[in-house]
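Trainee: Below is the structure I would like to discuss, written out as structure tokens.
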Amino acid sequence: MYSVNITLDSYNIVLGFIILFSIFTSHYLMGKLRRWFHFMVVLNILMSAADMCTMIFEGSANPINRIIFPIAMFVFYSMSCLVLATSASVIILLLDQKKGKKIFYSILTGILAVYFVILAFTPAANLLYEINNNNIYYRGRAFYLIIICQLLLYADLVMYLIINRKSITRKNLFVIICFIFFPQLSQIIQLAFYGISVINAGYSMAFLIMFIHSNRHIEENLENVETELDIKENELHDKVSEIERSKLQVIRMQNHTIESLSNLVENRDEDTGEHVRRTRAYVELLAVQLMKNNHYPEILTPRYVRFLKRAAPMHDIGKIVVPDAILKKPGRLTKGEFALMKRHASEGGRIVHEILDGYEDPEYIQITADIATHHHEKWNGTGYPDKLMGEAIPLSARIMAIADVFDALVSPRIYKSPMSYEEAFEIIKENSGIHFDPVIAQEFLNIKEKAAAVNESYKALFSMTMKM
């Protein structure tokens, strides 16, 4: 019988170390649960080792045996209670419910305190066990107190489970039943057949099931979390797409509002509001040409061109402050009237900021304000309102200047007839390096056929609209 018991204890120790190693390498057990699993398995290893020592060193009265055997017996009884208490605590951690938790640990602490007081007096009073003069073990006269303490501990656990019964899943219930069934079955066998030692094996089976379950449980939770994260990610993606769609709608509405406002201003001194659409087309055409030939690469980016195209219709927004008598005057303006007309440039920048600040991208606002303020500046520094010279004039305003002048030259006005394309291109060529940035002027001349085609297309569109 002893050889069978020693074999079982050896098996339990080996199995304990395997479980302990598995806990160390587990990717899922974390925090308190990992520490309590360590503690639980180490206690079972110590209990199995102590049980093995009781069998090896029992029955001989030599001095070494008389020292080691009582120590092993005391350790075995200590571990048998602690391992049960620790296993119950692991179940509490697995359920992770706060309700009744403090009561459970208070009762558990009381049970352990009473048990260890009894155990402390056992060597002197033979309460739980007795070791006679021949170094032989017998159950003590109060051995039944072990059963009472265990029943109280189980009752404490059952009370906690009843309090949290709604949160117990079938999988958790299976683990709890295994924890109660295997150790208790082994204890019943050991009590019924004196001399056999199988309690440690019962705990080992329960621990193995608890460990496998806890890994699966946490892994499933992680998978559920990952699934939820995927769902949330998809929801977030949908929200972002919805926001992007809403943003595009807002931008379209803003562009339409800006274009309508610009047309409203232009209609005060133009025959039609097509000027803002034509100049926007020239600006885009010219900016793409410059970017294609790698001019001003540090400034001209697709984003900049996109903003430039949106900003172009606002170039004359400042005319809103100019009286109709000046805007619609058919003849040459006087010096005083021209001074009032020039105000539209500086006022344009101010109005842009009043309209757009806080609602638009700062870069777009700056481009729009630069166009509105500086599209009448000249390369040689004789323009207005700030008499800027050369590259001190913002690039957006230098591009706008050519588009605005070209359209003014080839379009009818109250005070003049339209000029031919060749005449207009010749004026731009003559003013290269004087009024216009020479690089931009040359690139505009390089695409003069496209510019003329744009103008013709808008004439045709306007003609069709008027007939309708």
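The values are calculated or read from the model by the stated rules, or taken from the named source; none is laboratory data. Computed from a predicted structure; not experimentally measured. Note that each Cβ is placed from the backbone with ideal geometry, even for glycine, and that neighbours are counted across all protein chains shown. For accessibility, only protein heavy atoms count, side chains too; no ligands or nucleic acids. Shrake-Rupley method; radii C 1.70, N 1.55, O 1.52, S 1.80 Å.
Trainee: With respect to residue 332, is the statement that it is open to solvent by 70 Å² or more (accessible area, probe 1.4 Å) and assigned to a loop (DSSP other than H, G, I, E, B) true?
Mentor: Yes.
Trainee: Taking the residues in the range 371-393 that are of a type outside the set (A, V, I, L, M), open to solvent by less than 30 Å² (accessible area, probe 1.4 Å) and in contact with a Ser or Thr (Cβ under 9 Å, 6 or more places away or on another chain) as candidates, determine which candidate is farthest from residue 442 (Cα to Cα).
Mentor: Filtering the range 371-393 for residues that are of a type outside the set (A, V, I, L, M), open to solvent by less than 30 Å² (accessible area, probe 1.4 Å) and in contact with a Ser or Thr (Cβ under 9 Å, 6 or more places away or on another chain), the one farthest from residue 442 (Cα to Cα) comes out as 373.
Trainee: Considering 135, 65, which residue is modelled with pLDDT of 85 or more, surrounded by 14 or more Cβ atoms within 10 Å (Cβ to Cβ) and at positive phi?
Mentor: None of the other options fit; the residue is 135.
Trainee: Separate question: So if I check each of 431, 455, which one is open to solvent by less than 60 Å² (accessible area, probe 1.4 Å), at pLDDT below 90 and on the phi < 0 side of the Ramachandran plot?
Mentor: It is 455.
Trainee: Return the residues of the range 154-163 that are under 44 Å from the mean Cα position of the chain (by Cα) and either over 19 Å from residue 85 (Cβ atoms) or surrounded by fewer than 19 Cβ atoms within 10 Å (Cβ to Cβ) (or both); say none if nothing qualifies.
Mentor: 158, 159, 162, 163
Trainee: Shifting gears a bit: Only residues that are outside any loop (DSSP other than H, G, I, E, B) and farther than 15 Å from residue 317 by Cβ: list them for the range 343-362, please.
Mentor: 362
Trainee: Keeping to the range 347-362, report how many residues are out of contact with any Gly (no Cβ under 6 Å at 6 or more places or on another chain), buried (at least 17 other Cβ atoms within 10 Å of the Cβ) and among the small types (Gly, Ala, Ser).
Mentor: Number of matching residues: 1.
Trainee: Among residues belonging to the range 99-117 that are closer than 13 Å to residue 159 by Cβ and among the β-branched types (Val, Ile, Thr), point out the one that is surrounded by the fewest Cβ atoms within 10 Å (Cβ to Cβ).
Mentor: 103
Trainee: Examine the range 398-411 for a residue that is of a type in the set (D, E, K, R) and more than 15 Å from residue 278 (Cβ to Cβ), and state whether such a residue exists.
Mentor: So far as the range 398-411 goes, yes, one or more of its residues are of a type in the set (D, E, K, R) and more than 15 Å from residue 278 (Cβ to Cβ).
Trainee: What's the number of the condition residue 97 fails, among (1) within 42 Å of the chain's Cα centre (by Cα); (2) under 19 Å from residue 151 (Cα atoms)?
Mentor: (2)
Trainee: Only one residue in 401, 408, 325, 397 is outside any loop (DSSP other than H, G, I, E, B) and at pLDDT below 85. Which one?
Mentor: Exactly one residue qualifies, and that residue is 325.
Trainee: In this structure, does residue 286 turn out to be farther than 23 Å from residue 355 by Cβ and either at pLDDT 95 or above or open to solvent by less than 30 Å² (accessible area, probe 1.4 Å) (or both)?
Mentor: The answer is yes for residue 286.
Trainee: Please work out which residue is farthest from residue 90 (Cα to Cα), limiting yourself to the range 138-153 and to residues that are touching a residue at least 40 places away in the same chain (Cβ under 8 Å) and open to solvent by less than 40 Å² (accessible area, probe 1.4 Å).
Mentor: 146
Trainee: Does residue 383 count as part of a helix (DSSP H, G or I), touching a residue at least 24 places away in the same chain (Cβ under 8 Å) and within 25 Å of residue 304 (Cα to Cα)?
Mentor: For residue 383, the condition - part of a helix (DSSP H, G or I), touching a residue at least 24 places away in the same chain (Cβ under 8 Å) and within 25 Å of residue 304 (Cα to Cα) - is not met.
Trainee: Would a scan of the range 118-125 turn up a residue that is under 60 Å from the mean Cα position of the chain (by Cα) and modelled with pLDDT under 90?
Mentor: no
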